[in-house]
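Notes to accompany the following structure.
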Amino acid sequence: MDKQYQHQEIEDKIYQLWLDSGQFAPVNKPKPGAKSFTIIMPPPNANDSLHVGHALGITIQDVLTRYHRMLGDDTLYLPSTDHAGIETQYVYEKNLAKEDKSRFDFDRQTLYRMIWDYVQNNSQVAMAQTKRLGASTDWSRFKFTLDKDIQDFVLTTFEKLYKDGLIYRDYRLVNYSPAAGTSYSNLEVVYVNRTSPLYYVRYPLLPLGDAKTKDDKKIDTSSKYVVVATTRPEPIFVDTHLAVNPKDKKNRHLIGRQVLNPLTDQHMTIIGDDFVDPKFGTGVVKLTPAHDHDDYRVAKKHNLPIVAGIDTRGKITENGGKYAGLSVKKARLAVVEDLQAKGLIEKINEHYQNRVATCYKTGQPIEPLPLPQFFIKVKDPKHNLVKKALASLNSKETKIHGAGREKILRHWLKNLEDWNISRQIVWGIKMPIWYQVDSFEYQINLSFIDQKKQQKFGLLQDLLKKTSLKTISKGLQQISAGPDVPFIISRNQPTTTKHKYLPETDTFDTWFSSSQWPVATLATNQTTDLKRFYPTQVMDTSYDILPFWVMRMMLMCTYLTGKSPFKDVYLHGLVRDAKGIKMSKSKGNVVNPIEIVDHYGADALRMAIVIRSTAGQDKSFGEADYKAGRNLANKLWNASRYVLSQDADSFKDNKSDPKFTLKLKKVVDQVSEQLDQLKIGQAADNLYSHFWHWYCDQVIESAKQNQVTLPQLQAGLATFAKLFHPFMPFITEQIWQELFKKKLVTDSLLMTSPWPKNSL
RNA sequence: GGUCGCAUAGCUCAGUUGGUUAGAGCGCACGAUUCACAUUCGUGAGGUCAAAGGUUCAAGUCCUUUUGCGACCACCA
């Protein structure tokens, strides 16, 4: 054995030894009565290589997996990668932009194929990195979120939801870019500070009818106008209501009164809602439900009409009367001019600073538009998904570990709204929806790539005048069918000749497929896996995706199986650098875990990452911590080197230490208990101190003073090798192989040797 | 504005249902070492556990208030 531990020469060899043993996979015939222990790896995004955050998760998961494998549980650690819909497409489009191309240059199939190839490469990299970290994952059960069988599983779930009446189609305001001809997710919207004119518009106030309350009599009725400050006067013609805050002393008397629409002279009622900020502008707002997210919510709450004034091309709709067909920009000028002519503009603040939503790509304004989207009912009376998730928290069927996060989860669940699962991107699982085209050509907007590779878009009935449905279908990019267009659910093109169909181009929200992950990965593996490994034991993930992922897994998996998908949710913290600053590419403080592995060894990294870590709490570490990990590895190495070099002769005068066995057992009990309770950081810390400051500093030293026997020393080493193995698998396995060679232990592989709890 | 956290040694952080003298790593000071390991060993300095009040035989730990920091959600017409 070398004087210093050389991880470079050992890690790959040891990983291969484990792979060759085939023991990462759960044993074919588990012992009767063996409990199952399952961890499904949260799939890392397959659009980039792993960062230290992944290393933290993988270490925690692998520590628990290795511990339970040694306990003799029927253990499965299932690896995977995620297509990460919007994020991946975003990353990929950035790369396209470098070549002066965009997604609009390609039809769906071509674009999908290109992203697929890109992701496959990254997925391979992520898997190789996972191996370098020592993850004892069963590679034969690996799953990618866009594998054919996973896609089929997700579609089956959608069909089941539809049959159970939990799927519906409804309008939702989406971020639509008329310039690009598509809608965007919130991630793709860039808010830009701009100076735009703030118009103070006068709404003629109708005289009071008969005063009904005492208060009404006191009100000064001499004011002729209600003034509203707005940056967006152009859709005023579709406005039907104004709003004030009922707590606003200055304006609350206006609630229930009527004004004239300054453009159409229609009567508008003033309503009360506390979303209005009395201190802003005049304290009175106009409601444009079809084109503003707040107004939309308020309109829904008060059952107000939602009238579209702007269409997907960014033009004023027919509802706009004389303004119909004008672009938003031109309409604004025209509207302001008309209002000024009527004397209904009190003043204009030309220097108003506001935040404008723009398209990240074109820089053009985003228009919130109501478009039909698919939703999952989360509080259906018959299948109340939220209620079941809350029930499993109440009954402790699922426990949340991590600094008060259970309260946050409950808060999210209670306030959860129906889940919009439509995404207007290519990179994902395509929704199995087909729209009936015939008789509804006038309600279908779409864009496609024609035979000359040119992008065309517009209303289907217009497009059909020049292009065949077949050509449109072939080059289809994005479709938007009106709410009345009939649709059928089918995985393939409908074969019926009765109607003609075009497919929905939306894909499922990434989280819709990942919400089924624990069930989907097991159900699409070996036939008995779901029964054998579900519910899983531990779900480890970082706390920032608690609502997006963990909560939705609880909703969907419970819906699919009747059982909550995991017993314990371990929420690890975010990884920060040595100065406590959050890692990000822009700050340049991102650490590539593989560089640490190269330099200090995987064991050193794993130890540095988990020691003294706590669920739900962020952790920062740097060079000093890696060094400490490496030093520990070296300490283990040299203690082993010493013990292995001793022979019975030199120990023939040694007396047995009567307290040794008891103390060792105490360490085993403590570490076991801490691991059982998922106190991984404490277990590591505990192990570190006892090994270094008790076994090395005291036991080995007193052995030199003839106070400890050689068998005691050897038993201590073998036991610590076992205890350290979940944390530092490579070096401990290597030490074990030396012990095995000297016939000091009987198991040929430390990884599958029994945990010392029962063997002392 | 709403919700949830955090505050312990110079730095980064542990501290189990409240229970001896509050711990670790790094850093610091002094010393040692051909005998497993200088990626080592020994000795030591360093803490009114954010502040105030309360419960208790006993509080870093439980309760209340205050201060500072952070995260998430909502909002910016």
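Taken together, the values in this text are just the output of simple stated rules run on the coordinates, not laboratory data. Please read all numbers here as calculations on a predicted model, not as lab measurements. Backbone-built Cβ (ideal geometry, glycine too); neighbour counts: all protein chains shown.
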Where N is the number of residues in segment A:322-404, Cα Rg divided by 2.2 N^0.38 Å: 2.10
Given a Förster distance of 51 Å, the FRET efficiency implied by the Cβ-Cβ spacing of A:GLU350 and A:ASP48, rounded to the nearest 0.05, works out to 0.70
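With only alpha-carbon atoms in the gyration tensor, what are the semi-axes of the equivalent ellipsoid for segment A:578-725, in Å, largest first?
Values: eigenvalues 246, 61, 21 Å².
For segment A:578-725, the ellipsoid semi-axes come out as 35, 17, 10 Å.
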Counting every Cα pair in segment A:84-123, what percent are over 10 Å apart? 71
Of the listed links A:LYS224/A:LYS342; A:LYS101/A:LYS453; A:LYS224/A:LYS247, those spanning more than 18 angstrom between alpha carbons are A:LYS224/A:LYS247
Between helix A:729-741 and chain A, what is the angle of the helix's C-alpha long axis to the longest principal axis, kept within 0 to 90° and rounded to the nearest 10? 20
Modelled label-to-label distance, A:ASP20 and A:THR614, 7 Å Cα→beta-carbon offset: nm? 4.5
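How many Å³ per residue does the convex hull of the Cα positions in segment A:383-438 occupy?
Spelled out: Cα convex hull of segment A:383-438, divided by residues, is 165 Å³.
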Where in chain A is the longest stretch that carries no GluC sites (Glu not before Pro) classed as loop by DSSP and with at most 11 other Cβ atoms within 10 Å? A:418-760
Along Cα→Cβ, 7 Å out, is where each label goes; now give me the distance between the ones at A:LYS342 and A:ASP277 in nm to one decimal. 2.8
Find how many whole Å separate the alpha carbon centroid of segment A:125-170 from the alpha carbon centroid of segment A:334-366. 46
What distance in nm lies between label points placed 7 Å from Cα along the C-beta direction at A:LYS665 and A:SER748? 3.3
Computed Kirkwood radius, in angstrom, where 1/r is averaged over Cα pairs of segment A:306-457: 21.3
Mind pulling the angle between the C-alpha long axis of helix A:85-98 and the longest principal axis of chain A? Nearest 10 degrees, somewhere in 0 to 90. 80
Where the Cα pairs of chain A fall when distances are cut into 10 Å bins, in %: 2, 12, 19, 19, 17, 13, 9, 6, 3, 1, 0, 0
For segment A:561-646, state what percent of all Cα-Cα pairs lands in each successive 10 Å bin, counting from 0 Å until the bin that includes the largest distance. 15, 36, 26, 16, 7, 1
Fully extended, how many nm does the chain gain between A:LYS160 and A:ASP649 (0.36 nm per residue separation, minus their Cα-Cα distance)? 168.7 nm
Straight-line reach from A:LYS279: which aspartates and glutamates have a Cα under 15 Å away, not including same-chain ones fewer than 8 places off? A:ASP248
Gap separating the Cα centres of segment A:647-708 and segment A:446-484, nearest whole Å: 74
Within segment A:436-469, report the trypsin sites (Lys or Arg not before Pro) that DSSP leaves as loop and that have at most 13 other Cβ atoms within 10 Å. A:LYS452, A:LYS453, A:LYS465, A:LYS466
Scoring segment A:360-489 by relative contact order with C-alpha pairs under 8 Å, at least six apart, yields a percentage of 26
Can you give me the angle between helix A:710-724 and the longest principal axis of chain A, using Cα atoms only, in degrees from 0 to 90, rounded to the nearest 10? 10
Under a Cβ-Cβ cut-off of 11 Å, what is the net charge of the residues other than A:ALA46 that fall near it, where Lys and Arg count +1 and Asp and Glu count -1? -3
Segment A:1-62: radius of gyration over Cα atoms, expressed as a fraction of 2.2 N^0.38 Å: 1.54
Partners for A:LYS163 among lysines (Cα-Cα distance below 18 Å; same-chain residues under 8 apart left out): A:LYS377, A:LYS379, A:LYS382
Contour minus Cα-Cα span, A:HIS693 to A:MET1, at 0.36 nm per residue, comes to 246.8 nm
Taking 0.36 nm per residue of separation between A:ASP598 and A:LEU206 and subtracting their Cα-Cα distance, the length gained on full extension comes to 133.4 nm
Compute the whole-percent fraction of alpha carbon pairs in segment A:28-173 spaced more than 18 Å apart. 67
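What is the projected area of the convex hull of the Cα atoms of segment A:225-315, averaged over all directions, in nm²?
Mean orientational projected area (segment A:225-315, Cα hull): 5.7 nm².
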Alpha-carbon Debye profile of segment A:629-691, log10 I(q)/I(0) at 0.28 Å⁻¹: -1.11
Here the FRET efficiency for A:LYS322 versus A:LYS388, based on Cβ atoms and R0 = 45 Å and rounded to 0.05, is 0.25
Lys pairs, segment A:457-575 - Cα-Cα below 29 angstrom, 8 or more residues apart or on other chains: 12
Compactness index (Cα Rg / 2.2 N^0.38 Å), segment A:513-657: 1.52
Along its three principal axes, how long is segment A:664-760 when you only count alpha carbons? Whole Å, largest extent first please. 38, 29, 23
Using 1/(1 + (r/R0)^6) with R0 = 51 angstrom and r between the beta carbons of A:LEU459 and A:GLN8, what's the FRET efficiency to the nearest 0.05? 0.20
Theoretical ellipticity at 222 nm over chain A - DSSP helices of four or more residues, -39500 (n - 2.57) apiece, nearest 500: -11000 deg cm²/dmol
Share, in percent, of DSSP beta bridges within chain A that are antiparallel, nearest 5: 75
Let me have the relative contact order for chain A, percent, based on Cα pairs under 8 Å that are six or more residues apart. 16
